[in-house]
Amino acid sequence: MASRNTWLWVTLAIGLFAFVWFFERHWSAPVSGPPLVLPGLKTEAVTSVQVRQLDLRAERVNGGWQLTRPLRYPARAGAIESLLTNLAQLQAQTHISAAELRQHTNMDAEFGFDAAHTSLLIQETSNRHQLLVGARTPPGDQVFIQVVGVEGLYVVNADWLKLVPQTANEWRDTGFVSLRGLAFDRLVVTNQGAAFELQRGPARPGWQLVQPRQARADNAKIAEALRALEDLRVTQFVTDQPPADAESYGLQPPELSLTFAQGTNAVLQLAFGLSPTNATNQVFARRSDRPSVMLVPREPLAPWHVKSDDFRDRHLLALNGRTVDRIEVRGDDEFALQRQSGQAWRLLPQDLPADRELVENLITNLTSLRVSHFVKDVVIQPNLTDYGLATPARQFVLKTAAPDASATNGLLGQLDFGATEEERTYVRRPDEDAVYAVKAADFQRLPGAAFQLRERRIWNQSEEQVARVLTRQAGKTRELIRNGTNSWSLAPGSQGIINPDAVEETVHRLGQLYAVAWVAVGEPELARHGFQADGIEVTLELKSGDRLSVRFGGVAPSGLTYAATTLAGQLWIFECPPSVSELTRAYLLIPVSGS
């Protein structure tokens, strides 16, 4: 009997130990932190916030925040949301009960609620919270607060007070203007230097200059200037009363005004005036829809302190993403460049392959060409002779195979170039009355003859296909025979010392010959480019029996050597790659007697 009782007590002890161990390790009660001061506050449901000692009130409007007192003004939404988020998470470090407070005979004075203090009123959709802020505790890092309707006081960390505005201006949006949602299609700019008007759509995409003249506008520059305007921040709110002495601020009349209009109706005017004597990098500013005078930085306004020509588009051509499929050129001769399948181009009517890179460079040079001078805005047809444009010295017509509404009959653009005077070349677009000028150096980069755009790869032969190399020089001939890879020998009757490895490399480069630039076409051009009757000529004789010959002439202004070869029965002169000319002179020339 005693033994049975002993085992019973042992079993109970083990069970009790297991129960305590299990609940201690796995069912420990959650640790509760300090209580929230405003446990029911839902920040997303707050409709208004009021700081009573400032008579400051902000209301949530259309997902944003608007000041309604002391004046209606856009509010700094981020500052208000930060305060609400902090208040929703505010924890009480200490709670002083109502019973404890009754022991203090002058509770308001002791805890700082007798003097002017901060009072926050937070309105939710169906609830209201009022928070009174008292004095700081002696160390200064905590503060007494009271929630109206809740007994007792709380002691909380004082850091959140940094989010409470000390002046009404702290909650005002410092953005000067936002153009998002502002419907306007005209912009009138008036400054001390000029007055001009810009207009956009619907007839043409983008902006156009309409006053004081009709002209294409620089859309990128306008967009950049508008972005700088939207980035403008108010550095000081000077006054909220309509100034009787607007002239003293330079706002009547303004130094600069920007008027945004929709049709004939002005929707917003921005006025900018003088600088304070102690802050010359700032200017007084005002909006037509608000009475306030503000200070804003001067520098972002610099793009608007210009004359109308500064907003004119200096590009002569704009493709706007459209593809050029045909280029018609009238210069030293008449020809066309026609896109083939893929990226290949062909010269017509010569029916020669065109150099893809040169054609792409031509398109790039034409579309990047910029006006250096606006010569005259209206030039009538009889006066075009004054600029060499009645019969253009050179003309480029760009077309696309897939015309749209902005490319009538496939025409993308046309440029006529006239006379060159004082390092500038006159140019016009036939669809405009103006005459412009571009830098002569930019014009001279444009080809004027078909031969300049021919495919620059002259031939493509491997050294393995070469049987022998013949060099003619000063009436003499030397022949080298290829016996195999890097194996060369002198033919009977030829003399000199050869470097087989160097000869192999030279022949390889000659087999891959290309023109750095085409210079001229035809036998009459030889003498002008330094070619002599007994000059240097190298011929690659192929195993097939074909012969590839190249002659070397004088030195071009670029420093490269002129070379010439015959293609389809016609002589072509070009600038030779330095690797070919230098290797040829070093390893293929006939040694001079006695050297």
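Looking at R478, R468, R472, which one is open to solvent by less than 20 Å² (accessible area, probe 1.4 Å), more than 46 Å from the chain's Cα centre (by Cα) and touching a residue at least 60 places away in the same chain (Cβ under 8 Å)? So that I can check it myself, show each step before the final result.
Values: R468 fails: open to solvent by less than 20 Å² (accessible area, probe 1.4 Å); R472 fails: open to solvent by less than 20 Å² (accessible area, probe 1.4 Å).
After ruling out the rest, the residue left standing is R478.
Going residue by residue through region 157-169, is there one that turns out to be assigned to a strand (DSSP E or B) and open to solvent by less than 60 Å² (accessible area, probe 1.4 Å)? Talk me through it step by step, then tell me what you get.
Going residue by residue through region 157-169, those that are assigned to a strand (DSSP E or B) are 157.
Of the ones still in play, those that are also open to solvent by less than 60 Å² (accessible area, probe 1.4 Å) are none.
No, region 157-169 contains no residue that is assigned to a strand (DSSP E or B) and open to solvent by less than 60 Å² (accessible area, probe 1.4 Å).
Read through the list (1) closer than 24 Å to A261 by Cα; (2) in contact (Cβ under 8 Å) with a residue 12 or more places away in the chain, then give the number of the only condition that A220 fails.
Result: A220 passes all but (2).
In region 137-153, is there at least one residue being touching a Phe, Trp or Tyr at 6+ places or on another chain (Cβ under 6 Å), open to solvent by less than 20 Å² (accessible area, probe 1.4 Å) and in a loop (DSSP other than H, G, I, E, B)? It would help to see each step written out before you state the result.
Of all residues in region 137-153, those touching a Phe, Trp or Tyr at 6+ places or on another chain (Cβ under 6 Å) come to 144-145, 153.
If we keep only those that are open to solvent by less than 20 Å² (accessible area, probe 1.4 Å) as well, we get 145, 153.
Still in the list and also in a loop (DSSP other than H, G, I, E, B): none.
No, every residue in region 137-153 fails to be touching a Phe, Trp or Tyr at 6+ places or on another chain (Cβ under 6 Å), open to solvent by less than 20 Å² (accessible area, probe 1.4 Å) and in a loop (DSSP other than H, G, I, E, B).
Do any residues in region 53-69 that are farther than 20 Å from Q166 by Cβ and assigned to a strand (DSSP E or B) have Cβ atoms under 9 Å from those of residues that are of a type in the set (V, I, T) and open to solvent by 50 Å² or more (accessible area, probe 1.4 Å), where the two are at least six apart or on different chains, and which pairs are they?
E59/T47; R60/T47
Taking region 418-445 only, how many residues are under 30 Å from T565 (Cβ atoms) and in contact with a helix residue (DSSP H, G or I) (Cβ under 6 Å, 6 or more places away or on another chain)?
Of the residues in that region, 1 qualify.
Each row is one residue, and each column tells you yes or no for (1) surrounded by 17 or more Cβ atoms within 10 Å (Cβ to Cβ); (2) among the charged types (D, E, K, R).
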site: G40; (1), (2): no, no
site: L54; (1), (2): yes, no
site: Y73; (1), (2): yes, no
site: I80; (1), (2): yes, no
site: L101; (1), (2): no, no
site: H104; (1), (2): no, no
site: E124; (1), (2): no, yes
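Quick one: in region 540-553, of everything that is open to solvent by 20 Å² or more (accessible area, probe 1.4 Å) and assigned to a strand (DSSP E or B), which residue is nearest to S579 (Cα to Cα)?
Start the filter on region 540-553 by keeping residues that are open to solvent by 20 Å² or more (accessible area, probe 1.4 Å), which leaves 541, 543-549, 551.
Pick out the ones that are also assigned to a strand (DSSP E or B) and you get 541, 547-549, 551.
Details: E541: 21, R547: 21, L548: 18, S549: 17, R551: 15 Å.
It comes out as R551.
Within region 482-503, does at least one residue satisfy the condition of being open to solvent by 70 Å² or more (accessible area, probe 1.4 Å), part of a loop (DSSP other than H, G, I, E, B), among the polar types (S, T, N, Q) and touching a residue at least 60 places away in the same chain (Cβ under 8 Å)?
Within region 482-503 (the criterion being open to solvent by 70 Å² or more (accessible area, probe 1.4 Å), part of a loop (DSSP other than H, G, I, E, B), among the polar types (S, T, N, Q) and touching a residue at least 60 places away in the same chain (Cβ under 8 Å)), the answer is yes, since at least one residue qualifies.
Can you name the residue in region 504-539 that is open to solvent by less than 50 Å² (accessible area, probe 1.4 Å) and aromatic (F, W, Y) and, of all such residues, is nearest to the chain's Cα centre (by Cα)?
By that ranking, first place goes to W518.
For residues that are in a loop (DSSP other than H, G, I, E, B) and closer than 17 Å to S178 by Cβ, scanning just region 216-249, find the one that is most open to solvent (accessible area, probe 1.4 Å). Even if it seems obvious, please write down each step before you answer.
So the first thing to find is which residues in region 216-249 are in a loop (DSSP other than H, G, I, E, B), and the list is 218, 231-232, 234-235, 240-245.
This time we only want the ones that are closer than 17 Å to S178 by Cβ, so: 231-232, 234.
Values: D231: 108, L232: 2, V234: 13 Å².
If we take residues in region 216-249 being in a loop (DSSP other than H, G, I, E, B) and closer than 17 Å to S178 by Cβ, then D231 is most open to solvent (accessible area, probe 1.4 Å).
For L319, state whether it is surrounded by fewer than 17 Cβ atoms within 10 Å (Cβ to Cβ) and in contact (Cβ under 8 Å) with a residue 24 or more places away in the chain. I'd like the intermediate steps shown before the answer.
Numbers: surrounded by fewer than 17 Cβ atoms within 10 Å (Cβ to Cβ): yes; in contact (Cβ under 8 Å) with a residue 24 or more places away in the chain: yes.
Yes, satisfied.
The values are calculated or read from the model by the stated rules, or taken from the named source; none is laboratory data. What you see is a predicted model, and the numbers here were worked out from it, not measured in a lab. No Cβ is skipped: glycine too gets one built from the backbone with ideal geometry, and neighbour counts run over all protein chains shown. These area figures cover heavy atoms from the full protein model, side chains too; ligands, DNA and RNA do not enter into them. Shrake-Rupley method; radii C 1.70, N 1.55, O 1.52, S 1.80 Å.
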